[in-house]
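Participant: Starting off with a structure, shown below.
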Amino acid sequence: MTDSTKQYAVQKSEAEWRAQLSPAEFHVLRQAGTERPFVGEYTDTKTVGVYKCRACDAELFRSETKFDSHCGWPSFFAPLAEDRVEYIEDTTLGMKRVEVRCANCGSHLGHVFEGEGYGTPTDLRYCINSISLTLDPA
């Protein structure tokens with residue numbers, strides 16, 4: 001799943017990731033899986049805080065950028081900083097999408113979409129799997 005030529009700040013073997021993460025977390029974070037819609041723990045959360053990568057604890061999103069998109073997954077209109085995430089062209093499932101990964105460890109977070117008409121400052125929707133995140137309340 002991750003780019004084997006890129007050197008991330010956090011590097012672990014597949015065995016190390018499997019030991020650290022639950023099977024469901026491993027499937028999403030390390031194999032670019034997707035959790036089912038409307039089941040994630042952060043889909044409707046309004047708690048103020050910082051959302052971190054569940055695999056490496058890097059700070060990725062702030063609650064101030066989270067919005068209700070009613071798509072079934074937590075949605076944000078911007079990452080905490082552009083250097084916190086990386087973007088990969090994803091042509092799986094017969095469509096062109098942009099995958100969002102943690103720039104610190106290369107773990108899959110979700111996808112980003114633009115031009116959907118949400119009234120957000122960026123016109124972007126970072127559609128992120130709850131299981132990819134850990135919320136650190138303020």
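The values are calculated or read from the model by the stated rules, or taken from the named source; none is laboratory data. The model shown is predicted, which means the values in this text are computed figures rather than measured ones. Virtual Cβ from ideal backbone geometry, glycine too; neighbours counted across all protein chains shown. Areas reflect the complete protein model, heavy atoms only, side chains present, ligands, DNA and RNA absent. Shrake-Rupley method; radii C 1.70, N 1.55, O 1.52, S 1.80 Å.
Participant: Remind me, relative contact order of the chain in percent, using alpha carbon pairs under 8 angstrom and six or more residues apart?
Facilitator: Details: 276 pairs, mean separation 38.9, N = 138.
It rounds to 28 percent for the chain.
Participant: Let me ask something else. What number in nm² do you get for the chain if you take the convex hull of its Cα atoms and divide its surface by four?
Facilitator: Across all orientations, the chain yields a mean hull projection of 8.2 nm².
Participant: Then there is this: How large is the accessible surface per residue of the chain, computed with a 1.4 Å probe and reported in Å² as a whole number? Don't skip to the end; give the middle numbers.
Facilitator: Numbers: 7190 Å² over 138 residues.
Using a 1.4 Å probe on heavy atoms only, each residue of the chain averages 52 Å².
Participant: Starting from 0.36 nm per residue, how many nanometres of slack lie between ASP83 and THR122 once their C-alpha separation is accounted for? Walk me through the numbers on the way to the answer.
Facilitator: Numbers: separation 39, 0.36 × 39 = 14.04 nm, distance 1.67 nm.
Net length gain for the segment: 12.4 nm.
Participant: Additional query: In nm², what is the average projected area of the convex hull enclosing the Cα atoms of the range 87-136?
Facilitator: 4.6 nm²
Participant: Return the single residue from GLY72, GLY33, GLY94 with maximal mean-square fluctuation; model: Gaussian network over the chain, springs between Cα atoms under 10 Å.
Facilitator: Top of the fluctuation ranking is GLY94.
Participant: Hey, what do the phi angles of the range 77-92 turn into as Karplus ³J(HN,Hα) couplings, whole Hz, using 6.51/-1.76/1.60 and θ = phi - 60°, x for Gly and Pro?
Facilitator: Per residue, the Karplus-derived 3J(HN,Hα) values read 9, 6, x, 4, 7, 4, 7, 7, 10, 10, 10, 10, 5, 10, 10, 6 Hz.
Participant: Here's a follow-up. Using only DSSP helix segments of four residues or longer, with each worth -39500 (n - 2.57), what per-residue ellipticity at 222 nm results for the chain after dividing by its residue count and rounding to 500?
Facilitator: Computed mean residue ellipticity for the chain: -3000 deg cm²/dmol.
Participant: Within the chain, what whole-number % of the accessible surface is contributed by carbon and sulfur, with the 1.4 Å probe and all protein chains included in the calculation?
Facilitator: C and S fraction of accessible area: 50 percent.
Participant: So, in the chain, how many Lys pairs have Cα atoms under 29 Å apart, if the pair is 8 or more places apart or on different chains? Can you show the working numbers first?
Facilitator: Numbers: LYS6/LYS52; LYS6/LYS96; LYS12/LYS52; LYS46/LYS66; LYS52/LYS66; LYS52/LYS96; LYS66/LYS96.
Lysine pairs meeting both conditions in the chain amount to 7.
Participant: Using the Karplus equation 6.51 cos²θ - 1.76 cosθ + 1.60 (θ = phi - 60°), what ³J(HN,Hα) coupling, rounded to whole Hz, does each residue of the range 96-113 give in order, writing x for Gly and Pro?
Facilitator: Listing the rounded values in order: 9, 9, 10, 6, 10, 10, 5, 6, 7, 10, x, 6, 5, 10, x, 9, 10, 10 Hz.
Participant: If you don't mind, another one. How large is ³J(HN,Hα), in whole Hz, for each residue of the range 28-40 in order, when computed from phi with the Karplus curve 6.51 cos²θ - 1.76 cosθ + 1.60 and θ = phi - 60°, using x for Gly and Pro?
Facilitator: Couplings: 6, 5, 9, 10, 6, x, 9, 7, 5, x, 6, 10, x Hz.
Participant: Suppose R0 equals 25 Å; then what is the FRET efficiency for ALA9 and PHE67 from their Cβ-Cβ distance, rounded to the nearest 0.05?
Facilitator: Efficiency, rounded to the nearest 0.05: 0.30.
Participant: Of HIS111, SER132, SER69, which is farthest on the positive side of the dipole of the chain, counting Cα position, with +1 on Lys and Arg Cβ, -1 on Asp and Glu Cβ, and the Cα centre as origin?
Facilitator: SER132
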